[in-house]
Amino acid sequence: MIEQGLALSARGVRMSYIDQSSGDRLLAIDRIDIDIREGEFVSIVGPSGCGKSTFLKIVNGLLPSSEGTIEIAQPDHGRDHAMVFQDSSLFPWYTVLSNVAYGLICQGVPKKEAQKRAQPLIDMVGLRGFENKYPYQLSGGMQQRANLARALTVDPEILLMDEPFAALDAQTRELMQAELLRIWSEANKTVLFITHQIDEAIYLSDRVLVMSARPGRILEDIRIDLPRPRELEIKRSPAFVEMADHIWRLISGQLQDDKLASPSA
Amino acid sequence: MSGASTPAPAPSSLPDRLPREPRWKALLKSERFVLGAIGVVGFLILWEALARSGSINVQFFASPTMIAAAGAREVQDPGFWSDFFISLTEFLSGFLVAIVLGIPLGLAAGWFPKLNYALDPWLNFFNALPRVALLPILVIAFGLGIWSKIAVVFLGAFFAIVIPTVQGVRTVDRKYLDVATSFRASRRLLFTSVVGLATVPFIVTGLRLGMARALIGVVTGELYAATEGLGVIIRRSAETRQGDRMLFGVLIFTLSGIIGVELVRAVERRFQKWRPEGFRR
């Protein structure tokens, strides 16, 4: 049983796989221990290829871990977790309404009722009036709003977000970060957020976990004590810049270690 | 500071919206439409003139007006319509059976790799084989009537439908499967909500290719050995040097092909509303 007050608890999660071309066993994730409290917003940042997306896929059940356990609090109602995928993972053949209702359809909710229950979430993410549009008719930011609503519709205990804003332009991304905080405080969810953008992680989170280069493990667990609600201007405050600098040095140190460690041949 | 100051520009006199022209007027201004029409009419006039001057043997290549006259005679002849419906029956029966069997088999072979491995060599073999080459044996097996034609139509369309369908299922984007799995879609729902719909564009391609093959099957079958059908009209007219009647038969097949293509387009529009305009074929 998971400890009271925790939404997610990962213990000693390791992930290795056989490389198809060389036949060697490679370690993607070394050892990850994470506790996330209910209602907490936690981000994982790390250099690309460090295994952060892999970890999220393990939590989501899309990949098996090689070792370790992941426990998620079982809610009285709704699902234990739901994933907001990277850009353009909406089904292109469904309208916004059908996409958002999809999670409920998967649970066997009749179509009419699923669409009725999807409507408040569409309103919440600001897509009212776009219910009958197809994804190709939406901008990238609106697609990710729909993507978020699709995950929220199943009322998950913990929301998993895999670099959801990575493909957006800088301005839309900032706007979506602010929107996400508004929705998060409204929906009252636990969030595990993966990103390679340091400022995004700090701005959004209660805690930022910095991951090492592959094989991934948690280098540092940084508490973000910035007051909420946060305005976008906070990104220019000295405390924010100092934290960003610190995390940047951690990650770039990883990259250099990586270079030194790799054989020169 | 002196100097001539230019007067502020007068409020734009451009209307907010250009008045819409009636459609036929817009059509007359369209270069593409006008030149296309000139091309068609010009060629028909040239053809007619060459036929009338005796430069073309009208026993083989009747003039446009002769074909039109032959058409006017034929459509009043019940015999023509019975031949027409024979050909239509052969086409529709063979094509429908190919659809009903081909799409499920293609979906299954795409979904279950082992089934695909087992079928793939035969699918490729039959796709390469010119199916009309089997006509002699089909006629002996199924007779001179409609059954040998239905068989050759079916063989023509079936593989053309199965192969793109298999391809479609096998190339479904991994991320959509991940989304469905993540929401714990049942296997059935995974198939109907993701695989089936993602494969629709491929199935439509199969229908288009299959229809062309089916039409060739009807024509070839009836030209080769049959007692009834439009192909028989064409063959007998050619043998009796009725160039006008023969070309009218050819024209009917051509029009059928055009109508068929339009029907597939309609199916496509119905199922592919979700594709941006540029990606619709």
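The values are calculated or read from the model by the stated rules, or taken from the named source; none is laboratory data. All values reported here derive from a predicted model rather than from experimental measurement. Using ideal geometry, Cβ is built from the backbone for each residue, glycine included, and neighbour counts are taken over all protein chains shown.
Just a few scattered comments:
- Checked against (1) outside the structural domain of B:V232 (by TED's automatic domain parsing); (2) free of Cβ contacts under 8 Å to residues at least 40 places away in the same chain, B:Q59 passes all but a single condition, namely (2).
- Criterion applied to A:V109, A:V100, A:V59 was being in a helix (DSSP H, G or I), within 12 Å of another protein chain (Cβ to nearest Cβ) and either over 30 Å from A:L219 (Cα atoms) or more than 21 Å from the chain's Cα centre (by Cα) (or both), and the one residue passing it is A:V100.
- The listed residue being of a type in the set (D, E), in a loop (DSSP other than H, G, I, E, B) and farther than 21 Å from A:F55 by Cβ, out of A:D225, A:D245: A:D225
- Residue identified as among the aliphatic types (A, V, I, L, M), modelled with pLDDT of 95 or more and part of a helix (DSSP H, G or I) among B:V132, B:V162: B:V162
- Residues of segment A:112-146 that turn out to be in a helix (DSSP H, G or I) and either within 21 Å of B:A185 (Cβ to Cβ) or within 14 Å of chain B (Cβ to nearest Cβ) (or both), as a count: 15
- Of all residues in segment A:183-195 being outside any helix (DSSP H, G or I) and over 11 Å from the mean Cα position of the chain (by Cα), the one that is nearest to A:A151 (Cα to Cα): A:K189
- Hits in segment A:62-87 - residues which are within 14 Å of chain B (Cβ to nearest Cβ) and over 13 Å from A:V154 (Cα atoms): A:L62, A:L63, A:P64, A:I72, A:F85, A:Q86, A:D87
- In segment A:26-56, the residue that is surrounded by the fewest Cβ atoms within 10 Å (Cβ to Cβ) out of those that are basic (K, R) and within 16 Å of A:E220 (Cβ to Cβ) is A:R31.
- Of all residues making up segment B:235-262, the number that are within 15 Å of B:F91 (Cβ to Cβ) and either of a type in the set (A, V, I, L, M) or not in a helix (DSSP H, G or I) (or both): 5
- Residue in segment B:168-184 that is in a helix (DSSP H, G or I) and more than 14 Å from every other protein chain (Cβ to nearest Cβ) present: yes
- Only listed residue being within 22 Å of A:L175 (Cα to Cα) and in contact with a helix residue (DSSP H, G or I) (Cβ under 9 Å, 6 or more places away or on another chain), chosen from A:R145, A:R79: A:R145
- Count of segment A:4-19 residues, restricted to those that are basic (K, R) and buried (at least 16 other Cβ atoms within 10 Å of the Cβ), is 1.
- Looking across segment B:62-84, the residues that are surrounded by 14 or more Cβ atoms within 10 Å (Cβ to Cβ) and under 20 Å from B:V219 (Cβ atoms) come down to B:A62, B:I67, B:A70, B:G71, B:E74, B:F80, B:D83, B:F84.
- Criterion violated by A:E163 - all others in (1) surrounded by 19 or more Cβ atoms within 10 Å (Cβ to Cβ); (2) on the phi < 0 side of the Ramachandran plot satisfied: (2)
- Which listed residue, of B:L155, B:L207, is of a type outside the set (D, E, K, R), surrounded by 23 or more Cβ atoms within 10 Å (Cβ to Cβ) and either in contact with an Asp or Glu (Cβ under 8 Å, 6 or more places away or on another chain) or away from chain A (no Cβ under 13 Å) (or both): B:L207
- Answer from A:A149, A:A167 - the residue that is within 14 Å of chain B (Cβ to nearest Cβ), more than 19 Å from A:G61 (Cα to Cα) and in contact (Cβ under 8 Å) with a residue 60 or more places away in the chain: A:A167
- Of all the residues in segment B:158-193, those that are among the β-branched types (V, I, T), surrounded by fewer than 22 Cβ atoms within 10 Å (Cβ to Cβ) and farther than 18 Å from B:L115 by Cα number 2.
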